[in-house]
Amino acid sequence: MFAERYRSHHDAEAKLASILGLYAHSRSGTVDWEDVERPLYSAPPSGRRCIYIHIPYCDTICEFCNLNRTARGHTDLDAYTKYLIKEIEWYARYPYIRDGQFDAIYFGGGTPTILQTEQLSLVLRALRDSFHLSEDCEITLESTLHNLPAEKSARLQQEGVNRLSLGVQTFSSRGRSFLGRTGDAEYAIARLRAIRQLFSGVLGIDIIYSYFDQSLEEVAHDASLCSDLSLDGASFYSLMIHDGSSLGQRIAKGEIPFGRSLEDDRQRHNRFYEDMHAGGYEMLELSKLVRPGRDEYRYIRIRYENGDVLPIGAGAGGQLAGYRIYSMAQGRRFASKIEPAYAQYHRVLGHLQFGCYDLTTLSEELGPDSYAPLRERMDYFVRNGMLVPETDDLYTLTADGIFWGNNIAVDILKAAIDGTKEHH
Ligand code: SF4
């Protein structure tokens, strides 16, 4: 049905933007900081918003990773902590940022827990001193297992961290070795058990499937351990081979006998999803399964809703008052205006990430002329086993539908936009 799979929200957004010719618009709006500053001197708007803090350092670089990170080397982490605090205080000069409430904070990387507990505590205190955090503010930290001894997770919880996202990737020793993870399966299980005992907040992990020649039994083993370890959720991704990565280069040279088909991917994806579903987990977004009622993942909801995201740290991206902001390096920011059309499709695509296709909401957002083409495409995906009609206007995704979720989202949006254009 589809020749290639859009594996992430970013893939889908890039495809949709190119179909719509929006990239040119969204990139053409580079502006001076004075333009961004103007609305920041006004009062904050209503609506949920969040803070993203980037820690771009890791102990070592994983072969499969294309995130914005660098090996820690001899980096002075005290100096980086001071830089983060300075940037927090600098942003607090603006009423738009200082006077409104923040509902979620996300420490991403890199490896945020490469900072010592004391350093993270200083950053958290600076955030509290400078901004209004909601009483139940969601505070997430990403980490590897080896950077987070259980005692550290408990101390961070005392400092307000209430959500952890840990890069486990797999519980197979063979897979861990292939993916260059620290420690074997026994190590990973013992470390997670210890964290689970001392950390009572939301505990989720990242899982990679379709690495090397992963068997369906290995996929099932990963899913069963999520339940056994009482984890609150798992994000699951097919291993991505990026052209420039060292893994991509080794595969290209034939050093790793790596071959897989989309059908292999689909089978492993569906096995993980179905086993997790049977274990009581439900879909939160296309690549995230959670225990009902345990993990709101407010940060990602705010991002998909187009809420403001205050970016702190080198390599952090966010948006404020209709401007996209990217901190390229310490003290160097790049800002561009977000086109209203881009914002609209970002929001609709975000809505579709949650796997619930509400025809009424979508046609309200995209215009009444979109209703018929949307209905036609949804019926098509029902006939092909990817959507299930729940009510007259509401559809949910099957396991296959989740696997192809980003393709389906692009397909129906394109049909709606084409249909609307034809009508005019
Ligand atoms: S630890 Fe995480 S962020 Fe760092 S290189 Fe590995 S996968 Fe990437």
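Derivation of every value follows stated rules applied to the coordinates shown; laboratory data play no part. None of these values were measured; they are calculated from a predicted model. FYI the Cβ positions are ideal-geometry reconstructions off the backbone, even for glycines, and counts take in every protein chain you see.
For the reader, a short list of remarks on this structure follows.
- Placing dummy labels 7 Å off each Cα toward the beta-carbon, the span from Arg125 to Glu151 is 2.1 nm.
- Electrostatic tally near Ala316: other residues with Cβ closer than 15 Å to its Cβ, Lys and Arg +1, Asp and Glu -1, net +4.
- Built amide H within the under 5 Å cut-off of Tyr209, gap 5+: Tyr237, Ser238, Leu239
- Only helices enter this figure: runs of n ≥ 4 DSSP H residues, each worth -39500 (n - 2.57), summed and divided by the residues of the chain, yield -13500 deg cm²/dmol at 222 nm to the nearest 500.
- The separation of segment 358-404 from segment 109-150, counted between C-alpha centres, amounts to 39 Å.
- Unpaired by the 4.7 Å Cβ criterion, cysteines found in the chain: Cys50, Cys58, Cys137, Cys226, Cys356
- Between Met1 and Asp136, the contour length at 0.36 nm per residue exceeds the Cα-Cα span by 44.2 nm.
- Overall form of segment 1-113 per C-alpha gyration tensor (a/c, 1.5; a/b vs b/c): oblate
- Cα gyration tensor shape of the chain, rounded if a/c is under 1.5, else prolate or oblate by comparing a/b with b/c: oblate
- Each residue of segment 142-152 was assigned a 3J(HN,Hα) from its phi angle through the Karplus curve 6.51 cos²θ - 1.76 cosθ + 1.60 (θ = phi - 60°); the sequence is 7, 7, 7, 5, 6, 8, 9, x, 4, 4, 5 Hz, with glycine and proline shown as x.
- Modelled FRET efficiency - R0 22 Å, Ala252 with Asp11, Cβ distances, 0.05 increments: 0.55
- Taking a ≥ b ≥ c as the square roots of the Cα gyration tensor eigenvalues, segment 58-101 comes out oblate, since a/c reaches at least 1.5 and a/b does not exceed b/c.
- Residues His74 and Ser173, FRET efficiency given R0 of 30 Å [Cβ-Cβ distance, rounded to 0.05]: 0.40
- Difference of contour (0.36 nm per residue) and Cα-Cα distance, Ala220 to Gln158: 18.9 nm
- Multiplying the residue separation of Ala43 and Thr396 by 0.36 nm and subtracting their alpha-carbon distance yields 123.1 nm.
- Applying 1/(1 + (r/R0)^6) with R0 = 25 Å to the Cβ-Cβ distance of Glu118 and Trp90 gives a FRET efficiency near 0.65.
- The chain - percent relative contact order, Cα under 8 Å, separation 6 or more: 18
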